[in-house]
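Visitor: Quick one: the structure is below, questions incoming.
The values are calculated or read from the model by the stated rules, or taken from the named source; none is laboratory data. Just so you know, these numbers come straight off a predicted model, no measurement behind them. Here the Cβ positions follow ideal geometry from the backbone for every residue, glycine too, while neighbour counts run over all protein chains shown. Surface accessibility is based on the protein's heavy atoms, side chains included, excluding ligands, DNA and RNA. Shrake-Rupley method; radii C 1.70, N 1.55, O 1.52, S 1.80 Å.
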Amino acid sequence: VAVLAKAWVRGEVWLAYVLPTPAVWDRVHAGGATRHWREHNGTQAMLVAQINQRHPGYSSLLDLGCSRGLVLAQLAARQSQAAHFGADISPRMVRRARRRCPRCFVEVVDAATLALPDGWPDSYDVVLVSDVLYYIPFAGVPQMVASENRNVEASRPWFAAVSRLARREVVFSSHQNNPWVRAMLRAAGARQL
């Protein structure tokens, strides 16, 4: 309880797990609450390398949960002929991603609903989902208050919808080896890099 109280006081980080809205995520990213978070350089490098190796000539990519656009910008630099789209729930992160990758199309999108902006493609060669699955309240129930079995079952329609967005492959990060996320990926038949 003391750890949760300390995390709460540090800037609503835990609120994002229970109420992942654009306003909450902007508050989380506005304060110092995320200073302890580190961009996982090893994970990012591996994702960029794997996508470029597995899909060297892709024409479009969607980074679902692009945050500040670090991976998106690296991919755009290596695959300059492709159209790159970034989606994040936080308007603050969208602004940062746009600054980092001005030639990318980046908009506010709630990954839980997958309601992409008007004018965006219906499908992409590659869809990247990195470190966001534990924040998605599948069927409206926050993952941290649901059982693993309930999350796995409730996530099936979402995984099917994401799969329909990808013409070639949906690439999932390790999601920091979160056991609930790994269980959902296994149940969905997804391959985790």
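Visitor: Among the numbered criteria (1) in contact with a helix residue (DSSP H, G or I) (Cβ under 8 Å, 6 or more places away or on another chain); (2) part of a strand (DSSP E or B); (3) not polar (S, T, N, Q), which one does Ala87 miss?
Guide: Here Ala87 clears every test but (1).
Visitor: To continue, here is another question. For region 82-94, name all the residues that are more than 17 Å from Ala49 (Cα to Cα) and more than 16 Å from the chain's Cα centre (by Cα).
Guide: Going residue by residue through region 82-94, those that are more than 17 Å from Ala49 (Cα to Cα) are 83, 85-94.
Hit for region 82-94 is Ala83, nothing else.
Visitor: Also, quick follow-up: Name the residue that is nearest to the chain's Cα centre (by Cα), counting only residues in region 58-70 that are open to solvent by less than 30 Å² (accessible area, probe 1.4 Å) and at pLDDT 95 or above. Lay out the reasoning, then the answer.
Guide: Filtering region 58-70 for residues open to solvent by less than 30 Å² (accessible area, probe 1.4 Å) gives 58, 60-66, 69.
This time we only want the ones that are at pLDDT 95 or above, so: 58, 60-64.
Values: Tyr58: 20, Ser60: 17, Leu61: 13, Leu62: 10, Asp63: 7, Leu64: 4 Å.
Ranking the candidates gives Leu64 first.
Visitor: If you scan region 90-132, which residues turn out to be more than 19 Å from Val170 (Cα to Cα), in a loop (DSSP other than H, G, I, E, B) and either open to solvent by 70 Å² or more (accessible area, probe 1.4 Å) or of a type in the set (S, T, N, Q) (or both)?
Guide: Passing the criteria: Ser90, Pro102, Arg103, Asp118, Gly119.
Visitor: Would you mind finding the one in His84, His55 that is without any contact (Cβ under 8 Å) to a residue 60 or more places away in the chain and crowded, with 17+ Cβ neighbours inside 10 Å? Write out each step before concluding.
Guide: Values: His55 fails: without any contact (Cβ under 8 Å) to a residue 60 or more places away in the chain.
Matching residue, one of His84, His55: His84.
Visitor: Can you pull out the residues in region 167-189 that are assigned to a strand (DSSP E or B) and open to solvent by 20 Å² or more (accessible area, probe 1.4 Å)?
Guide: Across region 167-189, the qualifying residues are Arg167, Arg168, Glu169, Val170.
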